[in-house]
Structure formats: structure tokens, C-alpha cells
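Notes follow once the structure below has been shown.
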Amino acid sequence: MLADQFGRIHNYLRISLTDNCNLRCFYCMPEENYDFTPHSKLMQVEEIDAVAKLFVQQGVNKIRLTGGEPFVRKDASKIIQNLGKLPVQLACTTNGIRIDDMLPEIVKANFHSINISLDTLQKDKFLRITRRDYFDRVVKNIDLLLNNNITTKINVVAMKGINDDEISDFIAFTKNNLIDIRFIEFMPFSGNKWSSNQVMTQRDILDIIKEKYHYVAQPIGFHETAKSFKIHGHKGRFSIISTMSEPFCSGCNRIRLTADGKLKNCLFSKHETDLLTPFRNGQDILPIIQSAIWSKAKTQGGQLNEQFEKINASIIQNRSMINIGG
Ligand code: SAM
Ligand code: SF4
């Protein structure tokens with residue numbers, strides 16, 4: 001079991017496959033010239049498989065693939081094929097662009113669920129947010145997943161002045177679609193020019209929704225980061241991930257592996273623990289993993305533990321989101 005000093009057990013591993021991406025979302029990828037990690041420095045197919053197996057032996061039973069964009073990696077199919085054989089719930093967070101190309105592999109690997117990121121239902125706004133023209137393809141691919149009965153969730157980073165006018169449109173989308181719309185509070189990372197007054201909090205989101213809809217909160221599991229709500233007569237539901245206004249660190253069961261093989265015990269941790277170098281040197285990495293997890297800070301990487309309105313984003317030491325793996 002992978003426990004920390006506060007008694008939290010970690011059974012959910014998020015693996016970033018790459019820091020490369022076919023979109024350029026302004027809140028995720030820094031604007032200045034960004035150098036993608038060369039392939040040789042990324043964990044290779046067999047390395048991902050071996051390290052994942054080690055985590056599974058230690059009690060990990062859920063693995064989420066992320067990035068960057070996991071499906072831009074040329075050997076993503078092979079990685080998925082391997083991880084699909086492990087006794088875990090396999091999930092993925094993707095921008096959805098390559099779902100059509102990857103569908104046979106996705107079906108074969110028996111994904112538990114796929115999260116697609118889509119911050120707007122407006123084609124022109126999609127271009128402004130992502131700096132790429134893929135709106136139609138992403139929307140078609142959401143339909144493709146639903147038509148194939150694959151559990152699908154939509155991640156929406158809720159930001160004031162960007163998509164606060166679309167909250168009700170997203171809710172309307174849950175009327176006839178068996179889908180979970182997950183609003184995520186905007187978080188600060190290196191280079192993303194975060195400011196607290198852009199954060200749409202859980203309260204802000206619920207206030208907008210209640211003007212039009214009567215919603216009912218669903219029971220929440222101990223490890224859940226998302227609080228879910230149902231609206232009578234809607235096939236789908238909506239959820240809110242309130243990282244900034246109501247953090248959920250006490251039940252955290254997550255650990256992250258960056259594409260270059262560094263273990264992050266928290267999304268907001270300053271420190272990273274290199275697993276790939278010792279692994280390549282033939283060292284036993286289990287004690288390294290155990291000690292990295294043991295030292296996890298009580299809340300938010302020990303960096304953001306104050307009211308989010310008071311956070312000075314410029315002094316946070318972290319990578320950009322695309323580089324950590326969301
Ligand atoms: N490329 C994939 C995608 O977009 O889904 C996976 C990686 S992306 C970094 C993972 C998730 O993090 C996405 O849902 C994205 O919207 C979210 N994300 C990125 N930057 C964020 C930020 N600053 N605050 C909140 N969520 C963020
Ligand atoms: Fe790429 Fe996902 Fe980041 Fe957008 S949020 S730039 S799609 S990694």
C-alpha cells in the first residue's frame with residue numbers, strides 16, 4: 001500500500017504520456033516558445049508498462065492516461081494495449097481530436113471512461129481558447145463515443161469572461177445525452193497568467209444554474225474530487241471540481257507520473273522525484289516511490305494553503321499544466 005504520513009492511501013495513478021499537444025490552450029501551455037521533451041527522455045513503452053505494474057502490485061487499481069495530449073504519441077496504441085491488460089480501471093483525459101483514429105484501440109482496451117476537454121460550445125471561441133481549428137472534429141468524436149456506449153465526461157475549465165456565459169448551454173447538453181459535464185475551477189500553474197478574479201467558483205456556477213434549473217446533489221464518495229448533481233428529466237448530470245474554493249485534499253488518493261518519469265505526489269507539489277533515471281540504472285525504485293509518497297504535504301503541495309483570493313501565483317514553484325500532466 002502506498003501511504004503517506006497523514007494516513008492517505010494512494011490507489012489512483014495518473015500517467016502523462018507526453019508534454020506534446022495538437023492544441024495550444026492558453027491556460028495550459030505557456031505562450032513563449034515551448035520545447036517539447038525529446039522522445040528519448042520520455043518513458044518508453046516497456047518502461048511505462050513495468051512501472052505501472054509495480055504501482056499495481058502496491059495497490060493501484062485505477063490508471064488515467066493524460067498529457068499533453070496522450071493520443072498524439074505515436075506509440076499510444078501499444079501503451080494502451082499493455083495497460084488494458086492490467087487489473088485496473090483504465091481511464092483517459094484527452095482533447096478528443098484523435099478519438100476517431102483511436103476508437104478500435106479504445107474499445108479493445110476496455111476503457112472505464114474517457115474525459116474529453118471542451119471549454120466552449122462555440123466554434124469561434126474554441127479557436128480563441130485552443131488556437132487551433134478542431135471544434136467540429138471534437139464534437140463529432142464526443143458523439144462517436146456516446147454512440148459506442150463508452151462512458152464519457154466533458155471537462156470544462158470555467159473561467160470568468162471566457163465561458164461563464166455558457167454554463168446553461170452546457171447544462172442543456174445533459175438533457176438528452178448520457179454524459180457528465182464537469183466544471184473545473186481555473187487553477188494557477190507556471191506561465192498561465194492565472195489571477196483569482198478569473199476563477200468561477202463552485203458557488204458562482206451553482207448560482208447561474210439555479211436560475212434555470214432545480215438540481216439535486218448526489219452522494220459523494222470519500223475519494224471523489226467532483227461533486228455531482230442531477231437535474232430532473234436530464235439523462236446526464238453535471239459535476240464541479242472545486243480545487244480552488246473548496247479543496248478536497250483530505251481524501252486524496254492520487255499520484256502523478258510525468259512523461260519524463262518524475263513522480264509528483266501532488267498536482268501542486270514543488271518537488272518531483274525522478275523514477276526514470278534510477279529505473280534505467282537498474283535500481284529498485286519501490287523505496288524511492290514509498291518515501292516520495294510518505295512526504296506528501298497535507299494540502300495543495302504545501303504551496304496554496306490559504307484562501308485562493310490571496311494566492312500570489314507568481315511565487316508558486318511548479319511546471320506548466322501541459323508539462324505536469326493534468
Ligand atoms: N490534452 C488533454 C486534455 O486537454 O484533456 C489532457 C491533458 S490536460 C492538461 C488535462 C485537463 O487539465 C484538461 O481537462 C484541461 O482542461 C485541464 N486544465 C489544464 N490547465 C488547467 C488549469 N489551469 N486549470 C484547470 N484545469 C486545467
Ligand atoms: Fe493540450 Fe489539453 Fe493542454 Fe489544451 S488542455 S493545451 S489540449 S494538454
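The values are calculated or read from the model by the stated rules, or taken from the named source; none is laboratory data. For clarity, every value in this text was computed on a predicted model and none was experimentally measured. Backbone-built Cβ (ideal geometry, glycine too); neighbour counts: all protein chains shown. Heads up: the accessible areas ignore ligands, DNA and RNA and are worked out on the full protein's heavy atoms, side chains in. Shrake-Rupley method; radii C 1.70, N 1.55, O 1.52, S 1.80 Å.
Could you tell me which of the pairs LYS108/LYS153; LYS193/LYS230; LYS262/LYS298 are separated by over 29 angstrom between their Cα atoms in the structure shown? Numbers along the way, then the final one.
Values: LYS108/LYS153 19 Å; LYS193/LYS230 33 Å; LYS262/LYS298 20 Å.
In this structure, LYS193/LYS230 exceed 29 Å between Cα atoms.
How many percent of the accessible area of the chain is carbon or sulfur, using a 1.4 Å probe? Let's see the in-between values first.
Details: 7400 of 14620 Å².
Carbon plus sulfur share of accessible area: 51 percent.
Measure out, as a whole number of angstrom, how far apart the alpha-carbon centroids of segment 4-63 and segment 219-248 sit.
Between the Cα centres of segment 4-63 and segment 219-248 lies a distance of 25 Å.
Just by accessible area at a 1.4 angstrom probe, what is the order of TRP194, TRP294 from largest to smallest?
On the way: TRP194 20, TRP294 140 Å².
The ordering from most to least exposed comes out as TRP294, TRP194.
Dividing the alpha-carbon radius of gyration of segment 237-326 by 2.2 N^0.38 Å (N being the number of residues), what value is obtained? Don't skip to the answer; put the middle values down first.
Working: Rg = 14.6 Å, N = 90, 2.2 N^0.38 = 12.2 Å.
Ratio of Rg to 2.2 N^0.38 Å for segment 237-326: 1.20.
Classify segment 128-182 as rounded, prolate or oblate from the Cα gyration tensor: take a ≥ b ≥ c as the square roots of its eigenvalues, call it rounded if a/c is under 1.5, otherwise prolate when a/b beats b/c and oblate if not. All intermediate terms of the calculation are to be shown ahead of the outcome.
Details: a/c = 2.38, a/b = 1.31, b/c = 1.81.
Oblate, since a/c reaches 1.5 and b/c is not below a/b.
Provide the FRET efficiency to the nearest 0.05 for the ASN176-VAL107 pair, computing r from the beta carbons and using R0 = 41 Å.
Values: r = 24 Å, r/R0 = 0.57.
E between ASN176 and VAL107, to the nearest 0.05, is 0.95.
Loop-only trypsin sites (Lys or Arg not before Pro) in segment 1-97, please: DSSP not H, G, I, E or B, and at most 16 other Cβ atoms within 10 Å.
The qualifying sites are ARG24, LYS74, LYS85.
Extension gain PHE36-VAL216, at 0.36 nm per residue separation less the Cα-Cα distance, in nm? Kindly include the intermediate steps, with their values, before the conclusion.
Values: separation 180, 0.36 × 180 = 64.80 nm, distance 4.35 nm.
Separation in residues times 0.36 nm, less the Cα-Cα distance, equals 60.5 nm.
Give the lysines reachable from LYS125 as a straight Cα distance under 16 Å; neighbours fewer than 8 places away on the same chain don't count.
The reachable lysines, counting only those whose Cα sits under 16 Å from LYS125, are LYS160.
Counting only heavy atoms of the protein chains, get the accessible area per residue of the chain (1.4 Å probe) and round it to a whole Å² value. Don't skip to the answer; put the middle values down first.
Details: 14620 Å² over 326 residues.
I get 45 Å² per residue for the chain.
Quick test of your reading: applying the under-4.7 Å Cβ rule, which cysteines of the chain are isolated?
CYS21, CYS92, CYS249, CYS252, CYS266
Springs between alpha-carbon atoms under 10 Å, Gaussian network over the chain: tell me which of HIS214, HIS223, HIS271 tops the mean-square fluctuations.
HIS214
What size of dipole, in debye to the nearest 20, comes out for segment 180-306 about its Cα centre when the only charges are +1 on Lys and Arg C-beta atoms and -1 on Asp and Glu C-beta atoms? Intermediate values should be presented prior to the final figure.
On the way: 17 positive and 12 negative charges, 50 e Å.
Result for segment 180-306 is approximately 240 debye, rounded to the nearest 20.
Can you give the Kirkwood hydrodynamic radius for the chain, in Å, rounded to one decimal and based on Cα pairs? All intermediate terms of the calculation are to be shown ahead of the outcome.
Values: mean 1/r = 0.0495 Å⁻¹.
That comes to 20.2 Å for the chain.
What figure in square angstrom, to the nearest 10, would you give for the accessible area of HIS234 with a 1.4 Å probe?
About 20 Å², rounded to the nearest 10.
Using label points projected 7 Å from each Cα along Cα→Cβ, tell me how many nm separate VAL139 and ARG203, to one decimal.
3.5 nm
On a straight-distance basis, which aspartates and glutamates could pair with LYS296 in a cross-link, Cα separation under 17 angstrom, same-chain partners fewer than 8 positions away excluded?
Cross-link targets: ASP4, GLU272, ASP274.
Between ASN312 and LYS62, take the C-beta separation as r, use R0 = 30 Å, and let me know the FRET efficiency to the nearest 0.05. Mind showing how you got there, number by number?
Values: r = 34 Å, r/R0 = 1.13.
According to the calculation, E is roughly 0.35.
Just in segment 1-55: which chymotrypsin sites (Phe, Trp or Tyr not before Pro) are loop by DSSP and have at most 14 other Cβ atoms within 10 Å?
In loop regions of segment 1-55 (DSSP not H, G, I, E or B), the sparsely surrounded chymotrypsin sites (Phe, Trp or Tyr not before Pro) are PHE6.
How big is the accessible area of SER40 in square angstrom, nearest 10, if you roll a 1.4 angstrom probe over the protein chains?
Estimated to the nearest 10 Å², SER40 gives 80 Å².
Measure off 7 Å from each Cα along the Cα-to-Cβ vector at ARG132 and LYS298, then give the distance between these two points in nanometres to one decimal.
4.2 nm
Using R₀ = 35 Å, calculate the FRET efficiency as 1/(1 + (r/R₀)^6) where r is the Cβ-Cβ separation of SER196 and ASP284; round to 0.05.
Calculated transfer efficiency: 0.20.
Please check: in the Gaussian network model of the chain (C-alpha springs, under 10 Å), which one of GLY68, GLY59, GLY233 has the largest mean-square fluctuation.
GLY233
Under a point-charge model restricted to the Cβ atoms of Lys and Arg (+1) and Asp and Glu (-1), what is the dipole moment magnitude of the chain relative to its Cα centre, in debye to the nearest 20? Intermediate values should be presented prior to the final figure.
On the way: 42 positive and 35 negative charges, 103 e Å.
Computed about the Cα centre, the dipole is about 500 debye.
Gain in length, PHE6 to LYS270, computed as 0.36 nm per residue apart minus the alpha-carbon separation, to one decimal in nm? Intermediate values should be presented prior to the final figure.
Numbers: separation 264, 0.36 × 264 = 95.04 nm, distance 1.86 nm.
Extra length available between PHE6 and LYS270 comes to 93.2 nm.
In nm, give the distance between the simple-model label positions of THR151 and ASP75, each being 7 Å from the Cα along the Cα-to-Cβ direction.
If labels sit at THR151 and ASP75, their model points lie 3.0 nm apart.
Any idea what diffusion coefficient segment 1-101 gets from Stokes-Einstein, in µm²/s, Kirkwood Rh on alpha carbon pairs, 4 °C, 1.567 mPa s? Please report the intermediate quantities before stating the final value.
Numbers: Rh = 14.8 Å.
Estimated via Stokes-Einstein, D reaches 88 µm²/s.
Tell me the net charge near PHE229. Cut-off is 15 Å between Cβ atoms, PHE229 excluded, with +1 for each Lys or Arg and -1 for each Asp or Glu.
+4
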